[in-house]
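Asks: Sharing a structure below in structure tokens format, with a few things to ask.
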Amino acid sequence: MAGTECLFCRIARREVKAEIVGETDGLVAFKDINPQAPTHVLLIPTEHLPRLADATEAHTPVLGRLLQFANRLARQYGLEAGYRVVLNNGAQAGQTVFHLHLHLLGGRPMTWPPG
Ligand code: AMP
Ligand code: ZN
């Protein structure tokens, strides 16, 4: 799917309403519409990249910055006790929106392994 049609591209462009909670150079964070924990935020690059598996060497900086962005948001949400960062790559892993995103989950105890 091209970026023009992609749901998360449209959220980044403010064409689709979402609760945006953070933004930094080329990255946007917004609340998940179906939260699985008291804090459940999605972090995306504004550039359309369907899956982690599509990333090239050129994406290394943006991937690193996404993790640091997760760190910053976790501090903002007071998740000192712990938080989980999830990246589903591909349908079998549970990816439903094909624009790369990190899930930042926290505010409750987590179990392992995930489902
Ligand atoms: P994934 O299954 O890893 O692709 O995650 C996609 C996530 O996007 C799910 O947790 C959905 O609840 C969430 N989601 C889908 N549509 C929206 C939307 N319009 N605004 C915010 N979150 C959404
Ligand atoms: Zn997109």
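Asks: Of the GluC sites (Glu not before Pro) in region 47-115, which ones lie in a loop per DSSP and count no more than 12 other C-beta atoms within 10 Å?
Replies: Listed in order of number, the matching sites are 80.
Asks: Among 60, 24, 39, determine the one that fluctuates most according to a GNM of the chain built with springs between C-alpha atoms less than 10 Å apart.
Replies: Ranking 60, 24, 39 by mean-square fluctuation puts 60 first.
Asks: Angle, helix 60-76 long axis vs. longest principal axis of the chain, Cα atoms, 0 to 90°, nearest 10?
Replies: 40
Asks: Which one, 29, 18, 93, has the greatest fluctuation when you compute a Gaussian network model over the chain with C-alpha springs under 10 angstrom?
Replies: Largest GNM mean-square fluctuation: 93.
Asks: At 1.4 Å probe size, with every protein chain present, just tell me what the per residue accessible area of region 7-106 comes to in Å².
Replies: Values: 5520 Å² over 100 residues.
Ligands and nucleic acids excluded, the figure is 55 Å² per residue.
Asks: Here is a follow-up. Can you give the Rg and Dmax of region 40-79 based on its C-alpha atoms, in angstrom?
Replies: For region 40-79, the Cα radius of gyration and maximum Cα-Cα distance read 11.5, 33 Å.
Asks: What shape does region 1-59 have by the C-alpha gyration tensor, where a ≥ b ≥ c are the square roots of the eigenvalues, rounded means a/c under 1.5, and otherwise prolate means a/b greater than b/c and oblate the rest?
Replies: Verdict is prolate for region 1-59.
Asks: Could you check the simple spin-label distance between residue 33 and residue 108, using points 7 Å along Cα→Cβ, in nm with one decimal?
Replies: With each label point 7 Å from Cα toward Cβ, the separation is 2.1 nm.
Asks: While we're looking at this one, here's another question. What percent does the relative contact order of the chain come to when contacts are Cα pairs within less than 8 Å and at least six residues apart?
Replies: Relative contact order here is 30 percent.
Asks: Now a separate question. Is the shape of region 7-106 best called rounded, prolate or oblate, per the rule: a/c under 1.5 gives rounded, else a/b larger than b/c gives prolate, else oblate, with a ≥ b ≥ c the square roots of the Cα gyration tensor eigenvalues? List each step's numbers first, then the result.
Replies: Values: a/c = 1.31, a/b = 1.25, b/c = 1.05.
Rounded, because the longest to shortest axis ratio a/c is under 1.5.
Asks: May I ask you to evaluate 6.51 cos²θ - 1.76 cosθ + 1.60, the Karplus curve with θ = phi - 60°, for each residue of region 39-52 and list the ³J(HN,Hα) values in order in whole Hz, giving x for glycine and proline?
Replies: Couplings: 10, 9, 10, 9, 10, 10, x, 5, 5, 6, 9, x, 9, 4 Hz.
Asks: Would you work out what percent of the accessible area of region 7-106, with all protein chains in place, is carbon or sulfur (probe 1.4 Å)?
Replies: Ligands and nucleic acids excluded, carbon and sulfur give 52 percent.
The values are calculated or read from the model by the stated rules, or taken from the named source; none is laboratory data. Remember, predicted model here, so these are calculated numbers, not experimental data. When we count neighbours, we look across all protein chains shown, and the Cβ atoms used for this are built from the backbone with ideal geometry, even at glycine. Note: areas computed on protein heavy atoms with side chains; ligands, DNA, RNA excluded. Shrake-Rupley method; radii C 1.70, N 1.55, O 1.52, S 1.80 Å.
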